[in-house]
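Heads up: the structure comes next, in structure tokens.
The values are calculated or read from the model by the stated rules, or taken from the named source; none is laboratory data. None of the values given here were measured: they were computed from a predicted structure. Every residue, glycine among them, receives a Cβ derived from its backbone with ideal geometry; neighbour counts consider all protein chains shown.
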Amino acid sequence: MKKLLFAVLFAATSLATATAGAYEDAMTKALEQMKTGKSAADLVASAGQFERISKVAAQEWLPRYYAGYCFVLASFMEKDDDKRDGYADEGEKWVNEGLKLAPKEAELVTLLGYVYQAKLAISPMTRGMKYSSLVQETLEKAIQLNPENPRPYHLLGQNLLFTPAMFGGGTEKACPLLKQADAKFAKFEKVSPLYPGWGKTRNDQLMEKCK
């Protein structure tokens, strides 16, 4: 009886390990493809890969996170405003799918703020009143959830840097946040190789405007 029980437990453990390994391999390959994307179409294709992984890894928030992230980047890269809106909407859908699994995950809340930034960027003059406050509120919530995550500071600084001074933005307001992000990027360590790690290169570029 003990031998049978041991065999069952061993088989279950082996299956779980194999499944975890397949998930990590699929995610690693999808992330590598995402990093080589040079166009909105490339990023949409990568989002499709993460969508397929999400159907198998039903309890994992990271595939949903990266599907959303790909659509946000695609929105910023696309030139047609209707397509940009559509990509931002898809990004929001995937972030919300992730939040159903991990409602207090700071990275997902940060990415939701990035979604709102993408929507704001399409038409700052007509959308400023709605989305500027949404960006601010969402990223401040992300900071409350994890004060050591550099990405919400980076996005807040980026948002203020491209907001005219007459509307409360400009380098004077943006640079302290970009510098905070810089300090936190220097200390940041990813929880796992699959964990989000983006933002430092862009933050370094924006910091040039603070010199």
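Please tell me if residue 133 is surrounded by fewer than 16 Cβ atoms within 10 Å (Cβ to Cβ), among the small types (Gly, Ala, Ser) and closer than 30 Å to residue 58 by Cα. Here the answer is no, as residue 133 does not meet what is asked.
Filter the stretch 101-120 down to the residues that are in contact with a Phe, Trp or Tyr (Cβ under 7 Å, 6 or more places away or on another chain) and closer than 16 Å to residue 71 by Cβ, then identify the one that is surrounded by the most Cβ atoms within 10 Å (Cβ to Cβ). Looking at the filtered set, the residue picked out is 111.
Looking only at the stretch 186-211, residues that are touching a Phe, Trp or Tyr at 6+ places or on another chain (Cβ under 9 Å) and assigned to a helix (DSSP H, G or I) come to 3 in all. Tell me whether the stretch 38-50 contains one or more residues that are farther than 21 Å from residue 192 by Cβ, outside any helix (DSSP H, G or I) and either at pLDDT 95 or above or among the hydroxyl-bearing types (Ser, Thr, Tyr) (or both). Scanning the stretch 38-50, I find at least one residue that is farther than 21 Å from residue 192 by Cβ, outside any helix (DSSP H, G or I) and either at pLDDT 95 or above or among the hydroxyl-bearing types (Ser, Thr, Tyr) (or both), so the answer is yes. Filtered by the rule that a residue be among the charged types (D, E, K, R) and in contact (Cβ under 8 Å) with a residue 60 or more places away in the chain, the stretch 149-208 gives no residues. The residues of the stretch 124-181 that are outside the structural domain of residue 201 (by TED's automatic domain parsing), of a type in the set (Gly, Ala, Ser) and more than 25 Å from residue 195 (Cα to Cα), listed by number, are 128, 132, 133. Where residues in the stretch 23-33 are of a type in the set (A, V, I, L, M) and surrounded by fewer than 20 Cβ atoms within 10 Å (Cβ to Cβ), which of them is farthest from the chain's Cα centre (by Cα)? Ranking the qualifying residues of the stretch 23-33, first place goes to 26.
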